[in-house]
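Down below is the structure, laid out as structure tokens.
The values are calculated or read from the model by the stated rules, or taken from the named source; none is laboratory data. Just so you know, these numbers come straight off a predicted model, no measurement behind them. Positions of Cβ are backbone-derived with ideal geometry, glycine not excepted, and every protein chain shown enters the neighbour counts. Just the protein is used for accessible areas: all its heavy atoms, side chains included, with ligands, DNA and RNA removed. Shrake-Rupley method; radii C 1.70, N 1.55, O 1.52, S 1.80 Å.
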Amino acid sequence: MSPNAAAEAKPTRRAWLSWLLGTSLGAVALSILYPLVRYVLPPPSAESQTGRVLAGRRSELPPGSGKTFRFGAKPGIVVATPGGEIRAFSAVCTHLACTVQYRKDLQHIWCACHDGHYSLEGVPIAGPPPRPLERYDVAVKGDEIWVSRQQG
Amino acid sequence: MRSARSAWRFLDDRLRLEPVVAFLREKEVPRHRLTWAYFFGGLSLFFLAVQVTTGILLLLYYRPTPEAAYESVEFVMTRVEFGWLVRSVHAWSANLMVLSVVVHMSSVYLMRSYGRPRDLTWWTGMLLLAATLGFGFSGYLLPWNTLAFFATRVGTDMVGKVPLVGGSLLRVLRGGEDVSGATLTRFFGLHAAVLPLLAFVLLGLHLLLVQRHNVHVPPSLREEARRRPGIPFLPDFTLRELVVWLIGLALLAALAAFRPWELGARADPFASAPAGIQPEWYFLFVFQTLKLLPARILGVEGELLGLAAFGAAAVLWFLAPVLDRASRRGEPSRTATVVGLAVLLYAAAMTLYAALAGRRS
Ligand code: FES
């Protein structure tokens, strides 16, 4: 090999080595970062796909009142309309996820956080909430109010 | 006296302190009619020191689980001697620190001190501001009371609206789908380990840069600063800063003693948000804006637009040294001042509005 050729071969060898170094450094960084990111993301909660929940009793819900209950990991709300009909919704406000309540004086559902109002159908009627509350199925058995996710 | 001198010689031999002292001795702070604004960075540092001290003290009793958090804070406030004082000082000092940091940032902006070469100082400062707000937001949850619970629900829900990564970010922050014990654990780690470390590094850099470039004198005050003699950093300026700290301490002590910070009611994740709920005052301008925005603007959800606007504003504010080209040449710029004043006035007006509305309800 002439000295000239050796000089030409050198840079490529050097480039090859630095490529090797660069990629292995990248691989090291990746092999640290990937598990780290996966670790920080919590595993999905083993939330049982909540079937039916005892939301309350008729006797504690006179017409024109409401109460929150625990629906799986989230709060729900049952209301007795002034006409005496029982309805249930998710209590998670569609605006920024506060928990709504039944306002006796207004006779509809209200969110305290940014003054959002929902009708007794769960439809937003004033304030910032953009979407209706999720509606649940209600089954009244004697005194017990059973709530489940709507079918379909 | 002799032992002090030999101690000094011992240190100087090993650490080579002489040049540092010589530098500080020669350093002068310019004197003009806005010199008072230079004290707010130092005042923020003072409140931070109070936070570190009282924070460590609170760590002796605090327990970061939903079953025990509220009770442990209650224990500190009712059973531990001077526990009420330590907690009250921590809570008040946090608020005063945010206030001081905001004044500091506003004055730096309005004097347009962020121009090159101080752009890096501005950026470390903005990150420190973000860390301060992060401290406030994460610390707020730790007592696990109702207000804190819903503030965290709403605050983290906003993060969830970020396009693409929002859902993952939300889960990382909450440690699950909802605000729960996992959130409390994460916020505690953030508040007591991650943010302190981050703030410590940023602060070191920030202070180093401030020493390197000294404070900035806006063009309109340059004439005055040239006419009047500077304030020697050692000891004159330092002593004055000390007086400012004493005033800060007096204010803090008065507030903590006469207006002890309340604990509120224990959080119940399945109860309704109580009427009159509000975040801390420094988030009120965001809160009030979200309250006023209609459900839909041109078919898009109002809060999405609002949050996007706040995000964009924060990025632009951060980029001030790049966007305001005149600041690099040290020239005045009408636009930068008008924009800055408009933004600050908006935030102040919305804060006031929310505070008044909150009082009425
Ligand atoms: S969270 Fe219900 S109105 Fe904003």
Search result, residues across segment A:52-70 that are open to solvent by 40 Å² or more (accessible area, probe 1.4 Å) and modelled with pLDDT of 90 or more: A:Leu54, A:Arg57, A:Arg58, A:Ser59, A:Glu60, A:Pro62, A:Pro63, A:Lys67, A:Arg70
Out of (1) open to solvent by 20 Å² or more (accessible area, probe 1.4 Å); (2) farther than 30 Å from B:Arg334 by Cα; (3) away from chain A (no Cβ under 14 Å), the one B:Val165 does not meet is (3)
So, in segment A:31-82, of the ones that are more than 14 Å from chain B (Cβ to nearest Cβ) and part of a loop (DSSP other than H, G, I, E, B), which residue ends up farthest from B:Ser272 (Cα to Cα)? A:Gly51
Restricting attention to segment A:98-116, and to residues there that are more than 14 Å from B:Ala273 (Cβ to Cβ) and free of Cβ contacts under 8 Å to residues at least 24 places away in the same chain, which single residue is surrounded by the most Cβ atoms within 10 Å (Cβ to Cβ)? A:His108
Can you find even one residue in segment B:146-159 that is outside any helix (DSSP H, G or I) and surrounded by fewer than 21 Cβ atoms within 10 Å (Cβ to Cβ)? no
Tell me, which helices (runs of 4 or more DSSP H) wholly within segment B:280-327 include 1 or more residues that are within 14 Å of another protein chain (Cβ to nearest Cβ)? B:284-292, B:302-318
The condition of being touching a residue at least 12 places away in the same chain (Cβ under 8 Å), in a helix (DSSP H, G or I) and open to solvent by 80 Å² or more (accessible area, probe 1.4 Å) holds, among B:Arg240, B:Arg212, only for B:Arg240
